[in-house]
Amino acid sequence: MELTRGTIRRLARASVDGIDATLLTVVVLLMGLGIATLYSASQESPERVISQLRHLTIAFGAMWLIARVPPQLLLRSALPVYVSGLLLLIAVALMGDVVNGARRWLSLGTIRFQPSEMMKIAMPLMLAWYFHRNEGHLRRRQFVFAGLLVAVPALLIARQPDLGTALLVAAAGFYVIFFAGLSWKAMGGLAALALASLPPIWSLLHDYQRRRILTLLDPTQDPLGAGYHIIQSTIAIGSGGLSGKGWLNGTQAHLEFIPERHTDFIFAVYSEEFGLIGNGVLLVLYALLIARGLAIAAQGATLFARLLGGSLSLIFFTYAFVNMGMVSGVLPVVGVPLPFLSYGGTALLTLFIAIGLLMGIHKHRKLVRT
């Protein structure tokens, strides 16, 4: 009996080995809020909640496996993963499936997947590997080449068109470049270049993308068309008041005024039912998630681990900032989910892989030779 108990204890310790308790606690709390809000947003239908729980089970399994991968293996796999993702994006451009006017998916028999999601992880992996490889002799040309590594997949994704994912991929790459030592002078030059490129970029945008930007400035110009999402979501957020209308009591959601209320606009449902206090709790949880991720990144044993961890941590910020901004009418609608709250399988898997990578960096922080 003692042997059996000892074996069970060892298996239990092995199963939680590498799992960072702080990260896991914050993620579980966010997922709890997400499941509760999803249940309300789906008209109290258990089917969508059960589907999300299935996605969550797969995502947790991926996180558990990734948390055990040593950084040395990640370092060796960075280039192949990036090249594979780039080739898949080119395949999408040449032979991808078109759904609702967008060419974003590849079909493999009965399976259809979106390669652009892969680049959210492949991009910081690749750039962290690149700067780690050139550690000690970083010059301007290394930063220029890194910018090209970011620009090529980001442009391929934007061309699909998928501006939201392109933004997230570009942000992931920029964070690595920033942490690698990009000077403020260079960032000022990039900002000036970005402003100068706005006119030609405007001419390259699709009509619906231009309408989204114009609608941001004045959503009332098309209240039943392009401005409908923003108008209804801001009404829901404002009507929540200080403490909200209560769980399952949101009128904008239950009367189906909010489009995409279980995915990109779930924040409007949450705000209406839990109010400003609930939003404060949500912001604190995101802040804890980002702070813990940055703390883990700072303890990384190699430059590769530190750059990768820092970029992944700030990606959570980008997800939350862009989603809340677009739902609140501060940013254009670009189709970015709210992390750990929005319904979806692929995006949730990507987020949990990022959490697993952070846990792996923390687990091996003292085991990797510098």
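Below are the figures for this structure:
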| quantity | calculated |
| --- | --- |
| Scope segment 178-214; condition among the polar types (S, T, N, Q) and at pLDDT below 70; matching residues | GLN209 |
| Per-region count, segment 30-73, residues over 27 Å from SER271 (Cβ atoms), part of a helix (DSSP H, G or I) and more than 21 Å from the chain's Cα centre (by Cα) | 3 |
| Residue match in segment 256-266 (condition: aliphatic (A, V, I, L, M), more than 20 Å from SER342 (Cβ to Cβ) and either touching a helix residue (DSSP H, G or I) at 6+ places or on another chain (Cβ under 8 Å) or surrounded by 19 or more Cβ atoms within 10 Å (Cβ to Cβ) (or both)) | no |
| Which listed residue is farther than 25 Å from VAL26 by Cα, within 23 Å of the chain's Cα centre (by Cα) and among the charged types (D, E, K, R), from GLU260, GLU256 | GLU260 |
| Qualifying positions in segment 243-258 - more than 14 Å from LEU276 (Cα to Cα) and charged (D, E, K, R) | GLU256 |
| Single match in GLY227, GLY246 (criterion: over 30 Å from ILE19 (Cα atoms) and buried (at least 18 other Cβ atoms within 10 Å of the Cβ)) | GLY227 |
| Qualifying residue in segment 356-363 (condition: crowded, with 21+ Cβ neighbours inside 10 Å and more than 22 Å from ARG133 (Cα to Cα)) | yes |
| Candidates SER107, SER84, SER51, SER45 - the one that is polar (S, T, N, Q), modelled with pLDDT under 85 and surrounded by 12 or more Cβ atoms within 10 Å (Cβ to Cβ) | SER45 |
| Complete set of residues in segment 105-129 that are touching a residue at least 12 places away in the same chain (Cβ under 8 Å) and not in a helix (DSSP H, G or I) | TRP105, LEU106, ARG112, PHE113, GLN114 |
| Members of segment 315-354 that are assigned to a loop (DSSP other than H, G, I, E, B) and among the hydrophobic types (A, V, I, L, M, F, W, C) | VAL330, LEU331, VAL333, VAL334, VAL336, LEU338, PHE340, LEU341 |
| LEU307 in a loop (DSSP other than H, G, I, E, B) and crowded, with 24+ Cβ neighbours inside 10 Å | no |
| Residue in segment 138-152 that is touching a residue at least 12 places away in the same chain (Cβ under 8 Å), assigned to a helix (DSSP H, G or I) and touching a Ser or Thr at 6+ places or on another chain (Cβ under 8 Å) present | no |
| Hey, VAL98 among the aliphatic types (A, V, I, L, M), surrounded by 13 or more Cβ atoms within 10 Å (Cβ to Cβ) and free of Cβ contacts under 8 Å to residues at least 60 places away in the same chain or not | no |
| Unmet criterion (only one of (1) farther than 17 Å from ALA154 by Cβ; (2) part of a strand (DSSP E or B)) for ARG76 | (2) |
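Okay, residues lined up against (1) free of Cβ contacts under 8 Å to residues at least 40 places away in the same chain; (2) in a helix (DSSP H, G or I); (3) in contact with a Cys (Cβ under 9 Å, 6 or more places away or on another chain):
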residue	(1), (2), (3)
ALA91	yes, yes, no
ARG103	no, no, no
PHE131	no, yes, no
GLY136	yes, no, no
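The values are calculated or read from the model by the stated rules, or taken from the named source; none is laboratory data. A quick note: this is a predicted structure, and the numbers were derived from the prediction, not measured. With ideal geometry, Cβ positions are generated from the backbone for all residues, glycine too; neighbour counts draw on all protein chains shown.
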